[in-house]
Amino acid sequence: MNIEPVRFGIISSANIGVRAVAPAIRASSNGKLLAVGSRNPQHAAELYSFAPNVRIYESYEAIIADPEIEAVYIPLPNSLHAEWSIKAMQAGKHVLCEKPLAVTREEGEEMFQAARDNQVLLMEAFMYRFHPQIVWALEQVRAGLIGSVRLVRASFSFDIRSRTENIRLKPELAGGSLMDVGSYPLNLFRAIYERSPRSVAARVHVTGPTSVDLATNAVLDYGEGCFGILDSSFGLPSRQGQKLLVKLE
């Protein structure tokens with residue numbers, strides 16, 4: 001049986017879309033990139049010169065209005081995730097939204113409700129969950145083949161303190177290390193323990209003119225003697241910042 005590829009549109013010409021997601025869609029057997037919407041279409045056309053058949057629209061609304069597009073990838077700043085995801089779903093589009101899915105619980109609930117109301121799929125773009133190593137590791141944990149997990153410690157960081165115009169350092173765009181790199185450890189804790197924490201204790205380091213957290217350290221209690229320890233930072237070199245430790249009973 002032949003299955004038609006999912007027809008994608010991308011909202012914005014964000015770097016991750018240009019460098020990672022668009023090439024992946026084009027290389028896949030079950031996806032097809034039709035269009036990109038950008039408020040700077042000339043710049044978008046230059047960035048997407050590697051995909052000459054992709055349509056370049058001069059607005060985000062045009063992506064949502066295109067009847068040929070079935071699914072929309074949204075790599076906008078964090079503060080815009082809920083707004084444009086909901087608009088896309090209300091237009092009947094499936095949505096693949098960059099992490100974090102939402103800035104607040106209320107936004108997340110509104111997004112879930114929009115997906116239910118319009119009978120579409122809404123997914124947070126955590127690519128690591130589909131890596132064969134992660135898939136295999138989670139299978140071992142859930143089957144109880146490596147014992148009971150009692151502690152997961154995950155760290156993710158890189159240094160962008162000198163890049164003052166980076167959107168990750170803009171409070172009005174819901175920047176900060178926890179929203180950005182900290183979302184990966186949190187997602188991993190949920191994948192391993194398959195439940196929400198009972199309590200959370202955290203310390204947040206905010207300094208300088210950015211007013212966002214440059215570092216967050218947190219301990220999450222998942223009950224039954226199970227814990228997650230998170231470290232996220234925009235002030236440590238990346239070679240020091242990607243670490244994962246799992247302790248078993």
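The values are calculated or read from the model by the stated rules, or taken from the named source; none is laboratory data. A quick note: this is a predicted structure, and the numbers were derived from the prediction, not measured. Reconstructed Cβ throughout: ideal geometry from the backbone, glycine too, with neighbour counts over all protein chains shown.
Numbers for the structure displayed
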{"item": "Options LEU121, LEU145, LEU151, LEU138; residue that is in contact with a strand residue (DSSP E or B) (Cβ under 7 Å, 6 or more places away or on another chain), of a type in the set (A, V, I, L, M) and within 30 Å of GLU249 (Cβ to Cβ)", "result": "LEU151"}
{"item": "Residues of the range 76-92 satisfying the condition of being closer than 12 Å to GLY9 by Cβ and surrounded by fewer than 23 Cβ atoms within 10 Å (Cβ to Cβ)", "result": "TRP84, ALA91"}
{"item": "Criterion violated by GLU58 - all others in (1) in contact with a helix residue (DSSP H, G or I) (Cβ under 7 Å, 6 or more places away or on another chain); (2) buried (at least 17 other Cβ atoms within 10 Å of the Cβ) satisfied", "result": "(2)"}
{"item": "Of all residues making up the range 162-206, the number that are touching a strand residue (DSSP E or B) at 6+ places or on another chain (Cβ under 7 Å) and basic (Lys, Arg)", "result": "2"}
{"item": "ASP221 being over 25 Å from ASN15 (Cα atoms) and assigned by TED's automatic domain parsing to the domain that holds GLU83", "result": "no"}
{"item": "Filter result for SER233 (small (Gly, Ala, Ser), within 21 Å of LEU101 (Cα to Cα) and touching a Pro at 6+ places or on another chain (Cβ under 7 Å))", "result": "no"}
{"item": "Selected residue (only one of VAL120, VAL152, VAL135 is β-branched (Val, Ile, Thr), modelled with pLDDT of 95 or more and within 23 Å of GLY235 (Cα to Cα))", "result": "VAL152"}
{"item": "Hits in the range 156-186 (condition: modelled with pLDDT under 95, buried (at least 18 other Cβ atoms within 10 Å of the Cβ) and among the hydroxyl-bearing types (Ser, Thr, Tyr))", "result": "SER157"}
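So that you can scan it fast, the table gives a plain yes or no per residue for (1) surrounded by fewer than 17 Cβ atoms within 10 Å (Cβ to Cβ); (2) assigned to a loop (DSSP other than H, G, I, E, B); (3) assigned by TED's automatic domain parsing to the domain that holds LEU96:
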| site | (1), (2), (3) |
| --- | --- |
| VAL120 | no, yes, yes |
| TRP136 | yes, no, no |
| ILE146 | yes, yes, no |
| VAL152 | no, no, no |
